[in-house]
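Visitor: My questions will all concern the structure given below.
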């Protein structure tokens with residue numbers, strides 16, 4: 001669930017934030033803890049791991065996957081987008097960045113609850129959430145009409161967005 005700030009009656013929002021602080025904290029902790037718990041469960045034999053080497057393999061596997069997911073959750077997946085003047089700003093838990101709106105080439109909301117912002121130099125910014133991002137995309141479309149907003153098959157956009165609102 002996202003929050004659109006400064007939204008008017010025309011479905012226009014200059015910033016987007018994924019969930020509240022509690023939801024973001026739970027997502028980050030889940031990214032670290034869930035793989036480790038699965039690794040420990042595998043080591044305990046809960047997945048039919050009868051041989052010792054299989055049980056031992058689950059622990060480092062869980063730790064590695066937990067570290068990768070944790071890195072993504074802390075540094076690579078943004079939870080906030082803002083349009084300020086002629087720049088797009090994004091914020092992850094431990095990292096932030098910005099780019100001129102002229103360098104934003106495409107935005108792709110995905111059915112798997114994340115949105116990708118593609119910059120002209122090929123960099124990608126992944127943003128958590130998709131369901132409440134539409135008012136922000138409407139604002140982006142107004143201030144940067146060159147940005148292509150690609151809607152993948154299977155993702156339903158609000159009717160007002162498809163009508164250009």
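Visitor: Please enumerate the residues belonging to region 61-90 that are within 15 Å of residue 123 (Cα to Cα) and in contact with a strand residue (DSSP E or B) (Cβ under 6 Å, 6 or more places away or on another chain).
Guide: 77, 78, 88, 89, 90, listed by residue number.
Visitor: Please report, ordered by residue number, the strands (runs of 3 or more DSSP E) entirely within region 76-119 with at least 3 residues that are surrounded by fewer than 19 Cβ atoms within 10 Å (Cβ to Cβ) and free of Cβ contacts under 8 Å to residues at least 24 places away in the same chain.
Guide: 87-91, 96-100, 114-119
Visitor: Got a sec? Which of 73, 34 is assigned to a helix (DSSP H, G or I) and over 30 Å from residue 102 (Cα atoms)?
Guide: Answer to the selection: 34.
Visitor: Continuing with this model, one more query. Hey, can you tell me all the residues within region 120-153 that are on the phi > 0 side of the Ramachandran plot and touching a residue at least 60 places away in the same chain (Cβ under 8 Å)?
Guide: Within region 120-153, just 129 meets the criteria.
Visitor: Any chance region 39-52 includes a residue that's surrounded by 14 or more Cβ atoms within 10 Å (Cβ to Cβ), part of a helix (DSSP H, G or I) and touching a residue at least 24 places away in the same chain (Cβ under 8 Å)?
Guide: Yes, region 39-52 contains at least one residue that is surrounded by 14 or more Cβ atoms within 10 Å (Cβ to Cβ), part of a helix (DSSP H, G or I) and touching a residue at least 24 places away in the same chain (Cβ under 8 Å).
Visitor: What tally of residues in region 11-23 results from selecting those that are surrounded by 14 or more Cβ atoms within 10 Å (Cβ to Cβ) and either in contact with a strand residue (DSSP E or B) (Cβ under 7 Å, 6 or more places away or on another chain) or free of Cβ contacts under 8 Å to residues at least 60 places away in the same chain (or both)?
Guide: Residues meeting the conditions: 8.
Where a number appears in this text, it was derived from the coordinates with a stated rule and is not lab data. Keep in mind that this is a model prediction, so the values were computed, not measured. Using ideal geometry, Cβ is built from the backbone for each residue, glycine included, and neighbour counts are taken over all protein chains shown.
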